[in-house]
Amino acid sequence: MTATGATWRNWSRTEQVRPLRVERPDSAEAVQRAVQAAAASGLRVKPVGSGHSFTGIALAPDVQLDLADLSGVVDADAATGRVTLRAGTALHGLPALLAPYGLALANMGDIDRQTLAGATSTGTHGTGFGFGGLATQIVAAKLVTGTGEIITVSETERSELLPAVRLGLGALGVLVEVTLQLVPRYVLDAVERPEPLAEVLDGWEERVRGADHFEFYWHPHTELAMTKTNTRLPGDAERRPLGRFSRWLDDELVANGLFRAACAVGTAAPAVIPAFARLVDKLQSGREFSDFSPSVFVTNRTVRFREMEYAIPLAEVPEALREVRALIERKGWRISFPIEVRAAAADDNWLSTAYGRESGYIAVHRYFREDQREYFAAVEDLMRARGGRPHWGKMHTQTAETLREVYPRFDDFLAVRDELDPERRFQNPYLDRVLGGVHARV
Ligand SMILES: Cc1cc2nc3c(=O)[nH]c(=O)nc-3n(C[C@H](O)[C@H](O)[C@H](O)COP(=O)(O)OP(=O)(O)OC[C@H]3O[C@@H](n4cnc5c(N)ncnc54)[C@H](O)[C@@H]3O)c2cc1C
């Protein structure tokens, strides 16, 4: 939480701002008053989630709305699986909130630190060929628009706005409530193991289509990929959770502790990075376990990093990754962070990275003390050549002009923005860049 006068920083330490004012509204009406007051003073206003976007998408130079007090369940129907939550609810709070109804999110990303509105507004996704990003689970939303109106968008009210509002980059309004279509609580059976990268790439589409949730990590400078294959089981299936020691050893000691040391040493002496990468691969020898879905999807990330992620056509992933590998070898870079590769179903949210196409995701990372620019820029060129779409919450250099080329409904989204936020009350420099400023639609 930021106090008025203090500096707000995002998780990756790539962005910071000192808002003129910080407000903590706890109801739709309080949000409405905050937006109206900002308008009366000619100020911009921006809600912030958990600050886990790597881009400046959440920067609030004028009035920052901290929605930590706007959390919890508003209404739940266990029979239909529909639950209305306040928009500032943190994802890590969901398992406890949903337990009484026996429900769960249909899919999740790697972490659960984000807020519901923050995650859905940037198109946060997990992996799984049959599943879209978190925003696809939204069936209704209540928001305060830039003119200070409280509106509801659902399958029966202003339904034409849903494909924009579900994934709105925080540019259309302040979400105060979100209704999700959830699924009965389920168990995931997880198989994680190192496999030859060449084989994983050759079998990519088959593996993705044949599993509920498939993804892999590849440490540059090695020949192995760490694959993760999760199979969905009913909620009453037998569970074999990871023991505390095993979780500590794999997730805390190797994935975070040893890895942090490797990154720190690698920053000073890049030549050691390939050897460290092989050591980490060797220590992560694979494991099998099963547990309720959040405990399997979510990992603990304590090593700070910077990330860029692009969505490209699913079938092009193997070739694109081979190109990234060749690039790293050609340039002689030493990259300490693994590359993460995932997949998602096509969806119909206008600014979804998977809009209208089955998508594969390639995410590149760098330790936060290293300069990521040259690496990310070169990978970005490769992804752009494949019609790639950057994750809205992760680093990239695209602008409204280049994004319009890869989003067929880009101008429809801008038309909704003109309607809901005609004076650009929610504008910030990032939104200016990716959506254009007041005169974007020339
Ligand atoms: C360690 C780490 C792991 C990650 N893993 C994944 C992953 O597995 N998959 C993935 O896709 N992404 C991942 N991300 C990216 C992350 O999910 C997104 O950047 C997400 O938006 C962060 O949520 P947040 O709550 O921190 O939102 P913020 O970054 O604070 O805000 C994001 C946007 O949401 C807007 N917003 C917030 N609240 C509201 C509201 N009430 N109404 C309207 N707009 C609102 C903000 O104004 C801003 O535009 C990861 C990031 C980190 C740092």
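The values are calculated or read from the model by the stated rules, or taken from the named source; none is laboratory data. Predicted, not measured: the structure shown is a model, and the values here were computed from it. Backbone-built Cβ (ideal geometry, glycine too); neighbour counts: all protein chains shown. Keep in mind that these areas ignore ligands, DNA and RNA; they rest on the heavy atoms of the full protein, side chains included. Shrake-Rupley method; radii C 1.70, N 1.55, O 1.52, S 1.80 Å.
Considering only segment 201-210, how many residues are open to solvent by less than 20 Å² (accessible area, probe 1.4 Å) and in contact (Cβ under 8 Å) with a residue 60 or more places away in the chain?
Final tally of qualifying residues: 3.
Select from segment 123-137 the residues that are under 24 Å from VAL174 (Cβ atoms) and more than 11 Å from the ligand (Cβ to nearest atom) and list them in ascending order.
GLY132, THR136, GLN137 - these are the residues of segment 123-137 that are under 24 Å from VAL174 (Cβ atoms) and more than 11 Å from the ligand (Cβ to nearest atom).
Of the conditions (1) surrounded by 16 or more Cβ atoms within 10 Å (Cβ to Cβ); (2) under 20 Å from ARG424 (Cβ atoms), ALA37 fails just one. Which one is it?
Every listed condition holds for ALA37 apart from (1).
Of everything in segment 391-430, what is aliphatic (A, V, I, L, M) and either buried (at least 16 other Cβ atoms within 10 Å of the Cβ) or within 16 Å of the ligand (Cβ to nearest atom) (or both)? Give them in sequence order. Can you show your working first?
Keep residues of segment 391-430 that are aliphatic (A, V, I, L, M), which gives 395, 400, 403, 406, 414-416, 420.
Residues satisfying the conditions are MET395, ALA400, LEU403, VAL406, LEU414, VAL416, LEU420.
As an exercise: evaluate PRO25 against (1) within 12 Å of the ligand (Cβ to nearest atom); (2) open to solvent by less than 50 Å² (accessible area, probe 1.4 Å); (3) over 14 Å from ALA68 (Cβ atoms) and give the number of the one condition it does not meet.
Of the numbered conditions (1) within 12 Å of the ligand (Cβ to nearest atom); (2) open to solvent by less than 50 Å² (accessible area, probe 1.4 Å); (3) over 14 Å from ALA68 (Cβ atoms), the odd one out for PRO25 is (3).
Taking only pairs six or more apart or across chains, which ones have beta-carbon atoms under 9 Å, a first residue in segment 170-185 that is under 21 Å from VAL416 (Cβ atoms), and a second residue that is within 8 Å of the ligand (Cβ to nearest atom) and of a type in the set (Phe, Trp, Tyr)?
Between residues of segment 170-185 that are under 21 Å from VAL416 (Cβ atoms) and residues that are within 8 Å of the ligand (Cβ to nearest atom) and of a type in the set (Phe, Trp, Tyr), the close pairs are GLY170/PHE426; ALA171/PHE426; LEU172/PHE426; GLY173/PHE426; VAL174/PHE426.
Residues that are within 13 Å of the ligand (Cβ to nearest atom): find the strands (runs of 3 or more DSSP E) completely inside segment 48-122 holding 1 or more of those.
63-66, 82-86
Looking only at segment 297-306, decide whether some residue is surrounded by 20 or more Cβ atoms within 10 Å (Cβ to Cβ), modelled with pLDDT of 95 or more and assigned to a helix (DSSP H, G or I).
Checked against the condition, which is being surrounded by 20 or more Cβ atoms within 10 Å (Cβ to Cβ), modelled with pLDDT of 95 or more and assigned to a helix (DSSP H, G or I), segment 297-306 yields at least one hit.
Somewhere in segment 173-184, is a residue more than 9 Å from the ligand (Cβ to nearest atom) and over 22 Å from the mean Cα position of the chain (by Cα)?
Within segment 173-184 (the criterion being more than 9 Å from the ligand (Cβ to nearest atom) and over 22 Å from the mean Cα position of the chain (by Cα)), the answer is yes, since at least one residue qualifies.
Out of (1) more than 14 Å from the ligand (Cβ to nearest atom); (2) of a type in the set (Gly, Ala, Ser); (3) more than 22 Å from GLU23 (Cα to Cα), what's the single condition that is false for GLY148?
(3)
Determine which single condition ALA385 fails, assuming it passes every other condition in (1) open to solvent by 30 Å² or more (accessible area, probe 1.4 Å); (2) small (Gly, Ala, Ser); (3) closer than 30 Å to SER159 by Cα.
(3)
Taking segment 354-366 only, how many residues are under 18 Å from LEU167 (Cβ atoms) and open to solvent by 10 Å² or more (accessible area, probe 1.4 Å)?
4
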